[in-house]
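The values are calculated or read from the model by the stated rules, or taken from the named source; none is laboratory data. Since we're looking at a predicted model, the values are computed, not measured. Note that we place each Cβ from the backbone using ideal geometry, even for glycine, and neighbour counts take in every protein chain shown. These area figures cover heavy atoms from the full protein model, side chains too; ligands, DNA and RNA do not enter into them. Shrake-Rupley method; radii C 1.70, N 1.55, O 1.52, S 1.80 Å.
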Amino acid sequence: MFIYPLKFKSNITNYKNSRAASIGFTSNPAVDTFEKTSKPESFNMKVFNLYTYSYCDSDVALDLTKPQRFSLVHNSRHLYKDKSLELDYNPQRYDYLFDKINNTKLKTMILISESGRYKTSYHFMSENLDKEYGYVELSKCENPRVFDTPYYDLLKDYPDFDIVGPRVIVDYLQNWDDKQIGKIGHLADKLTVKFCLENNLPLNIISVADKGSHVAHYLRGKRYLPIDKDTCTYTFFKERYGKDDINEILSELIQKAKQAGEKVNLKDWGTQTMYMPKELCEKYLKELKMFPIL
């Protein structure tokens, strides 16, 4: 929302008839002020609702200079027609993504939505809120023994990697246009570390790499947890690569792909459990200390 100052004219005395040839200005306090003259313009805002797996939208008129909470009330799925999406906006809550086309930083507003006391999502929006670049959804897992998830490996303890007890689970990470927009994974990771701090949780951050995303997560610093030996996944990697350490396999595949000028072939790879190493957590802690996000 841009606020434009009112234009006003100065009254100049006729110096030909003035003994001192002075110039005088008259001012009307009610007019000569920099103030808003109109209400915010309405626009249609559309955001993905992770809690109903559908889009929510509304025509909204927001003063983007002020913190506020508002709802998008129209749900694209008839089953959830009564389920709105409530968003928290603050003009001081922002960071930067990367515009790959123009090779420049891209300011993104960070809006927050919640579902109950366990799920929080961060939506990465354009400055005027008319476009969503992506999002990340986090689950606060205070007690893995009673937490509900289809991915059992996310709830296991991994003492060798200091992952024991309470943790944060990254449920979903989405970039709507990865050909043009970069650094969404980086910002999502940084916000996940911030989320741990705000909720007094240890920096135990765990998630699942979806099909085709393994390389991107690895290059960003995530690492994969050991595979259970009595699984089909273990057999697959041993037979194809002669080893079961996914981190070693990816390192070799990435190096070979670079030398050949090709993409890494992840054919037949399924989802894999990964975590954020402590040294990567420390990196984000330093970033947050230098450039805090509200």
Quick one: order I101, I205 from most to least accessible surface, probe 1.4 Å. I101, I205
Under-5 Å amide H pairs with R77, H placed in peptide plane, nonlocal only: Y55
Solvent-accessible surface (1.4 angstrom probe) belonging to R223, in square angstrom, nearest 10: 70
For the stretch 148-275, what log10 I(q)/I(0) values come out of the Debye formula at q = 0.17, 0.19, 0.21 1/Å, with one point per alpha carbon and no solvent? -1.00, -1.21, -1.40
Counting Lys and Arg as +1 and Asp and Glu as -1 over every other residue whose Cβ sits under 15 Å from the Cβ of Y275, the net charge comes to -2
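Divide the volume of the convex hull of the Cα atoms of the chain by its number of residues and quote the answer in cubic angstrom per residue.
Per residue, the Cα convex hull of the chain comes to 210 Å³.
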Loop only by DSSP, 14 or fewer other Cβ within 10 Å of the Cβ. Give me the trypsin sites (Lys or Arg not before Pro) in the stretch 235-294 that pass, ordered by residue number. K243, K263, K267
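How would D59, D82 line up by accessible area, probe 1.4 Å, largest first?
So the residues, ranked largest to smallest area, are D82, D59.
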So what J values fall out for the stretch 214-219 if you push phi through Karplus, 6.51 cos²θ - 1.76 cosθ + 1.60 with θ = phi - 60°, rounded to Hz, Gly and Pro as x? 4, 5, 4, 5, 5, 5
Can you pull the accessible area of E86 for me, 1.4 Å probe, Å² to the nearest 10? 90
Roughly how compact is the stretch 157-222, stated as its Cα Rg over 2.2 N^0.38 Å to two decimals? 1.20
Taking H placed 1.01 Å from N in the peptide plane, check which residues at least 5 places from K131 or on another chain put their amide H under 5 Å from its amide H. S126
Among N128, S115, N102, whose Cα projects farthest towards the positive end of the dipole of the stretch 56-145, with charges put on the beta-carbon of Lys, Arg (+1) and Asp, Glu (-1)? S115
If each of K211 and C232 carries a label point 7 Å out from its Cα toward its Cβ, how far apart are those two points in nm? 1.3
Specify the angular offset, from 0 to 90 degrees and rounded to the nearest 10, of the alpha carbon long axis of helix 232-241 from the longest principal axis of the alpha carbons in the chain. 90
Largest first, how would F236, F195 line up by accessible area (1.4 Å probe)? F236, F195
Partner aspartates and glutamates whose C-alpha sits under 14 Å from that of K83, ignoring same-chain residues fewer than 8 away, are D57, E114
Subset of K243/K283; K46/K81; K107/K190; K131/K283 violating a 19 Å alpha-carbon distance limit: K243/K283; K131/K283
Scattering from the C-alpha atoms of the stretch 43-109 alone, worked out with Debye: what is log10 I(q)/I(0) at q = 0.17 1/Å? -0.73
Proximal lysines relative to K211, as straight alpha-carbon distance under 16 Å, when same-chain residues fewer than 8 apart are discounted: K222, K263, K267
Please give the charge dipole size of the chain, origin at the Cα centre, charges +1 on K and R Cβ atoms and -1 on D and E Cβ atoms. Round to the nearest 20 debye. 1120
May I ask you to derive the relative contact order of the stretch 126-210, considering only C-alpha pairs under 8 Å and at least 6 residues apart, and to give it as an integer percent? 35
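Give me the percent relative contact order of the chain, please, defined on Cα pairs under 8 angstrom at least 6 residues apart.
Value for the chain: 11 percent.
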Search the structure for amide H atoms under 5 Å from the amide H of Y96, placed 1.01 Å from N in the peptide plane, and list their residues when 5 or more places away or on another chain. T108
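Given an 8 Å cut-off on Cα distances and at least 6 residues of separation, report the relative contact order of the stretch 80-194 as a percent.
Values: 188 pairs, mean separation 26.3, N = 115.
Reported relative contact order: 23 percent.
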With charges set only on the Cβ (+1 for Lys and Arg, -1 for Asp and Glu), what does the dipole of the stretch 82-194 come to about its Cα centre, in debye to the nearest 20? 260
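Run the helix sum for the chain: -39,500 (n - 2.57) per DSSP H stretch of 4+ residues, divided by residue count, reported at 222 nm to the nearest 500 deg cm²/dmol.
After summing the helix terms and dividing by the residues of the chain, the value is -6500 deg cm²/dmol.
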